[in-house]
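Asks: This is the structure I have questions about; it appears just below.
The values are calculated or read from the model by the stated rules, or taken from the named source; none is laboratory data. Everything numeric in this text was worked out from a predicted model, so none of it was measured. Positions of Cβ are backbone-derived with ideal geometry, glycine not excepted, and every protein chain shown enters the neighbour counts. Heads up: the accessible areas ignore ligands, DNA and RNA and are worked out on the full protein's heavy atoms, side chains in. Shrake-Rupley method; radii C 1.70, N 1.55, O 1.52, S 1.80 Å.
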Amino acid sequence: MGDFEVLRALRRIGPPYAMTPSQLRAEMLISSSGLTGRLHRLERDGWITREASADDQRSVLVTLTAAAVADLDQDIAEHFAFEDDLLAPLTEKQKGDLAALLTLLLRRFEDG
């Protein structure tokens, strides 16, 4: 799940789907060591590349591969179709109420 968060953060910012590790950490609220392990796995599996920044050779850019963008776009489309089907029996008001209740639960979980 954590690896997917990295991919999703990179996809969400749009082309060229690249961020520095510092930007990713800020976006995801994760430690440096936690992010490093995720980046190693994602690079090894072909989801991202890590290259020196053209603007600053001391900085690294983490970029989604073209295959990763295509896979994520397909996964997102399938996810939204599943979500639409799952929520189809609910009215718009019920969907709003459900979203509000789930938000309350999530905040409690995140706050510990």
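Asks: So, with a 1.4 angstrom probe, what is the percent of accessible area on the chain that is carbon and sulfur?
Replies: On the way: 4530 of 7980 Å².
Ligands and nucleic acids excluded, carbon and sulfur give 57 percent.
Asks: Taking a quarter of the surface of the convex hull around the Cα atoms of the chain, what do you get in nm²? Walk me through the numbers before you get to the answer.
Replies: Details: hull surface 34.9 nm².
Here the figure is 8.7 nm², rounded to one decimal.
Asks: Express the accessible area of the chain per residue in Å², computed with a 1.4 Å probe while the remaining protein chains stay in the model. Present the calculation step by step, with values, prior to reporting the outcome.
Replies: On the way: 7980 Å² over 112 residues.
On a per-residue basis, 71 Å².
Asks: Just A54, A26, A99 to compare: in a GNM of the chain, with alpha carbon springs under 10 Å, which one fluctuates most?
Replies: For the chain, modelled as a Gaussian network with Cα springs under 10 Å, the answer is A99.
Asks: To the nearest 10 square angstrom, how much accessible area does D3 have with a 1.4 angstrom probe?
Replies: We get 40 Å² for D3.
Asks: Where in the chain are the helices, taken as whole DSSP H runs, whose Cα atoms extend 30 angstrom or more along the long axis and whose Kyte-Doolittle mean reaches at least 0.0?
Replies: Values: long enough: 66-87 (32 Å, 0.24).
Length and hydropathy pass: 66-87.
Asks: Next question, about the same structure. Would you mind counting up the charge near L61? Only other residues with Cβ under 13 Å from its Cβ, with Lys and Arg at +1 and Asp and Glu at -1.
Replies: Charge balance near L61 sits at -2.
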